[in-house]
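Following: one structure in structure tokens, then a few remarks.
Every read-out reported here was derived from the displayed coordinates using simple, explicitly stated rules and does not represent laboratory data. Note that the structure is predicted; figures quoted are calculated from it, not measured. Note: ideal-geometry Cβ built from the backbone for every residue, glycine included; neighbour counts use all protein chains shown.
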Amino acid sequence: MAVNTPTVAAKFDATGRRKRAIARVRLTLGSGAITINEKEMETYLGRATLLQIVRQPLEVTNSAERFNVAVTAHGGGLSGQAGAIRHGIARALVSVDEALRPLLRRAGLLTRDPREKESKKYGRKRARKRFQYSKR
């Protein structure tokens, strides 16, 4: 599927979220460089699975070499941030070309993962774990 070429050095912004992580993503026309918090993606994330997660929306739309991606990510851990970045890139690609929406939707990249940590309850150690019980 071909992507329409956007006009004159446009910037496309989007926000992605997962767990407690938030990623602000900016797409610009370029050579395919991805920077996260002003570091190269490989040095920031490290694990190959996380790198694959981040690249997924660009590979699905065949636009990995067309855009430079600049990301500001905070909150959560590396896995949550990678998921938030993936969500943000997918949303930014839709703002570039609305025709990509069905393709990204089919791949499940536009749906925000609703799973969050359950809050701690009073009288318990964590959300569900109880304190140790001793009869005597």
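Calculated [222 nm] ellipticity per residue, helices only, for the chain: -9500 deg cm²/dmol; basis is -39500 (n - 2.57) per DSSP H run with n ≥ 4, divided by all residues, nearest 500.
Computed packing ranks the peptides 100-113, 122-135 as 100-113, 122-135, most packed first, by mean other Cβ atoms within 10 Å. Based on the Kirkwood approach, the hydrodynamic radius assigned to the chain is 16.1 Å, with every pair of different Cα atoms included. Computed from backbone phi, the HN-Hα couplings of the stretch 125-136 come to 6, 9, 4, 10, 5, 9, 6, 4, 9, 10, 5, 10 Hz, rounded to whole numbers (Karplus: 6.51 cos²θ - 1.76 cosθ + 1.60, θ = phi - 60°; Gly and Pro given as x). Cα centroids of the stretch 74-124 and the stretch 43-64: 14 Å apart. Relative to the longest principal axis of the chain, what angle (0 to 90°, nearest 10) does the C-alpha long axis of helix 78-96 take? Tilt of helix 78-96: around 30 degrees.
Using a Förster distance of 30 angstrom, determine the FRET efficiency expected from the C-beta separation of residue 133 and residue 20, and round it to 0.05. Before the final figure, lay out the partial values.
On the way: r = 32 Å, r/R0 = 1.06.
Once rounded, the FRET efficiency stands at 0.40.
Going Cα to Cα from residue 129, which lysines come in below 18 Å? Please leave out same-chain ones fewer than 8 positions away. Reachable lysines: 117, 120, 121. Using C-alpha pairs under 8 Å with a sequence gap of at least 6, the mean separation divided by the residue count of the chain gives a relative contact order of 31 percent. From least to most packed, judged by other beta carbons within 10 angstrom and beginning with the fewest, 85, 36 follow the order 36, 85. Loop-located GluC sites (Glu not before Pro) across the stretch 67-136 with a Cβ neighbour count of 13 or fewer within 10 Å are 116, 118, with loop assigned by DSSP. Once both labels are positioned 7 Å from their Cα atoms along Cα-to-Cβ, the gap between residue 65 and residue 116 label points is 4.2 nm. Residue-wise HN-Hα couplings along the stretch 26-43, as the Karplus relation 6.51 cos²θ - 1.76 cosθ + 1.60 with θ = phi - 60° gives them from phi, are 10, 9, 9, 5, x, 9, x, 6, 10, 10, 10, 6, 6, 10, 5, 4, 5, 6 Hz; Gly and Pro carry x.
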